[in-house]
Amino acid sequence: MNNVPVNLSLKAEAASILNRLDVDKAAYTGGNLSSFSPVTGEQTGSLKTVSATEAVQIVDRADVAFRAWRLVPAPKRGELVRLFGEELRAAKADLGRLVSIEAGKIPSEGLGEVQEMIDICDFAVGLSRQLYGLTIATERPGHRMMETWHPLGVIGIISAFNFPIAVWAWNAALALVCGNSVVWKPSEKTPLTALAAQGILERALKRFGDAPANLAQVLIGDRTAGEVLIDHPKVPLVSATGSTRMGREVGPRLAKRFARAILELGGNNGGIVCPSADLDMALRAIAFGAMGTAGQRCTTLRRLFVHESVYDQLVPRLKTAYSSVSVGNPLDGSALVGPLIDKLAFEAMQRAIAKAKTHGGAVHGGERFDAGSADAYYVKPALVEMPAHEGPVLEETFAPILYVLKYSDFHTVLADHNAVGAGLSSSIFTLDMREAERFLAADGSDCGIANVNIGTSGAEIGGAFGGEKETGGGRESGSDAWKAYMRRATNTINYSKALPLAQGVSFIIE
Ligand code: NAD
């Protein structure tokens, strides 16, 4: 375990990064929202939040920007996103470091978050020349039927602390090439990173030259700022990433005014280790999936089902990995597991562990350790052997707790795997193609992501990302996720001299 150097001024370092990225100091000093680094607990900034009235005005301005931007040809819109990708490449080291300071990620994960932003920019640039619709056979002679895709409007983006900027980029890059404007409400726990990312986009906008003003704006504030996006009639789509609790509030409010929602909510991800599994490979994947990012990924592995024939080979090795993993200051480059985001996260973890014990769980790890700062929350990841799939196992606790269960029958384990509210990510470790294919089949995993011989976390941007059931059903990032950011029109053109009606309907006026 590494101690945190208490004399490190993360506030000063964050300020110097923000300065290099042209963020005005007034944006993060003297305001009413305090930001903290989970690395030391040190306050890093005090940001001015927007009032509800200001937030409404911001959306109104975004709507004006949308009306101009939708008329810009899509490949030209792609040029803006190409420039954004270039600026991100140039700022990668600074931005990645700021992610580490503000979200507590280890350096490769902080940089990886920025790489995801770069990747989605590349994807969106290509997409800007591929926003195509279908031509569809029509039953009427002398007619043509086709689909066209049009820009939608102001896209509201609400993001969570654990991917403080990548999720915004996933949405913003697609929304912008699709001809929309964006208004982003980042997590109140990671506002400095949001200012930095917005500053980088503004550099690209400056180089682009003639984009409409207010094309991409940020709302600094707590959930009340997000609520303006939820309720504003000029926001036809909100992409909201966060807890299932948040989704339960946001989803019905959007539905009430018939707005679209992309809901990216909590996960309670499971992995199955079968008798034929390559245990060395499984061990590495489980360790990263369950302990990486201190268990604070929506795709973190939380439930592990191990076949009884390999349980005694795998679980002792996992326990050794849990005992030896280096937890500590994510900035010094040697730790693999950084801090929890805050005290609330630590308390939730301890409550879940206590509850697991009442259900007969045998707990290995899970203690907080003194990292030299009373306000930072470093914990040893917890591996909890559970006698049954019940109690806290059924809920997402956003912390590094891995519940391990022994199974004997493949069909029963599939049923248990699916018997939770969330449906985000899943994986199976097997060399038996029947088991692998069953897991991916209609009666297999019920999740939005189902993997074979890789872990539950670390998705690539090329695939559509999202999950089913209480994860919200939204999809963003790759594949055809762009369609959610556009409106589809079906057009039928009559180039004949007659007016035949569909379905043989006759309506003749003399
Ligand atoms: P959170 O729900 O506390 O907050 C997320 C965002 O929603 C914040 O910006 C917050 O201000 C806003 N918000 C909360 N209530 C709101 C409301 N009523 N109206 C409008 N906005 C509101 O989540 P968190 O603690 O920041 O993040 C962790 C959670 O996010 C976990 O459950 C994790 O699984 C989930 N998550 C999901 C995905 C995914 O893609 N499925 C990705 C990342 C995180």
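The values are calculated or read from the model by the stated rules, or taken from the named source; none is laboratory data. This structure is a prediction, so every number in the text was calculated from the model and none was measured. Cβ atoms come from the backbone with ideal geometry, glycine included; neighbour counts cover every protein chain shown. Accessible surface is based on the protein model in full, side chains and every heavy atom, while ligands, DNA and RNA are left aside. Shrake-Rupley method; radii C 1.70, N 1.55, O 1.52, S 1.80 Å.
Just the accessible area per residue of the chain, please: how many Å² with a 1.4 Å probe?
41 Å²
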Kyte-Doolittle mean at least -0.5, axial Cα span of 20 Å or more - DSSP H helices of the chain = 52-69, 74-103, 107-127, 191-208, 343-358
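Under a Cβ-only charge scheme (Lys and Arg +1, Asp and Glu -1), can you give me the dipole magnitude of the chain about the Cα centre, in debye to the nearest 20?
1260 debye
Could the peptides 183-193, 21-31 be put in order, highest first, of the mean number of other beta-carbon atoms found within 10 Å of their residues?
183-193, 21-31
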For the charge dipole of region 269-462, defined by +1 on Lys and Arg C-beta atoms and -1 on Asp and Glu C-beta atoms about the Cα centroid, which residue among Leu318, His364, Leu440 has the Cα displaced farthest towards the positive pole?
-> His364
Computed for region 173-272: size of charge dipole around the Cα centre, +1 on C-beta of each Lys and Arg, -1 on C-beta of each Asp and Glu, debye to nearest 20, value 140 debye
Can you give the calculated 222 nm mean residue ellipticity of the chain, where each DSSP H run of n ≥ 4 adds -39,500 (n - 2.57) and the sum is split over every residue, rounded to the nearest 500 deg cm²/dmol?
-> -12500 deg cm²/dmol
Where labels lie 7 Å past Cα in the beta-carbon direction, separation of Arg488 and Lys206 in nm | 4.1 nm
Whole-number percent relative contact order across the chain, with pairs defined as alpha carbons under 8 Å at least 6 apart = 18 percent
Out of Val379, Ser276, Thr299, whose Cα points farthest toward the positive end of the dipole of region 262-421 (charges: +1 Lys, Arg; -1 Asp, Glu; placed on Cβ)?
-> Val379
Assigning unit charges at the beta carbon (Lys, Arg +1; Asp, Glu -1) and nothing else, what dipole magnitude in debye, to the nearest 20, does region 438-484 show about its Cα centre?
-> 60 debye
Which whole-angstrom value gives the distance between the alpha carbon centres of region 202-246 and region 433-482?
-> 27 Å
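Mind ranking 421-429, 500-508, 132-140 by how tightly packed they are, going by the mean number of other C-beta atoms within 10 angstrom, highest first?
Output ranking for 421-429, 500-508, 132-140: 421-429, 132-140, 500-508.
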Take the solvent-accessible surface of the protein heavy atoms, probe 1.4 Å, and return the percent of it on region 172-278 that carbon and sulfur atoms account for.
-> 55 percent
What order do Cys447, Cys274 take when sorted by accessible area (1.4 Å probe), most exposed first?
-> Cys447, Cys274
Counting other Cβ atoms within 10 Å, keep those with at most 10, restrict to DSSP loop, and tell me which trypsin sites (Lys or Arg not before Pro) in region 76-126 are left.
-> none
For the chain, rounded, prolate or oblate, judged on the Cα gyration tensor with a ≥ b ≥ c (square roots of eigenvalues), a/c < 1.5 rounded, else prolate if a/b > b/c?
-> oblate
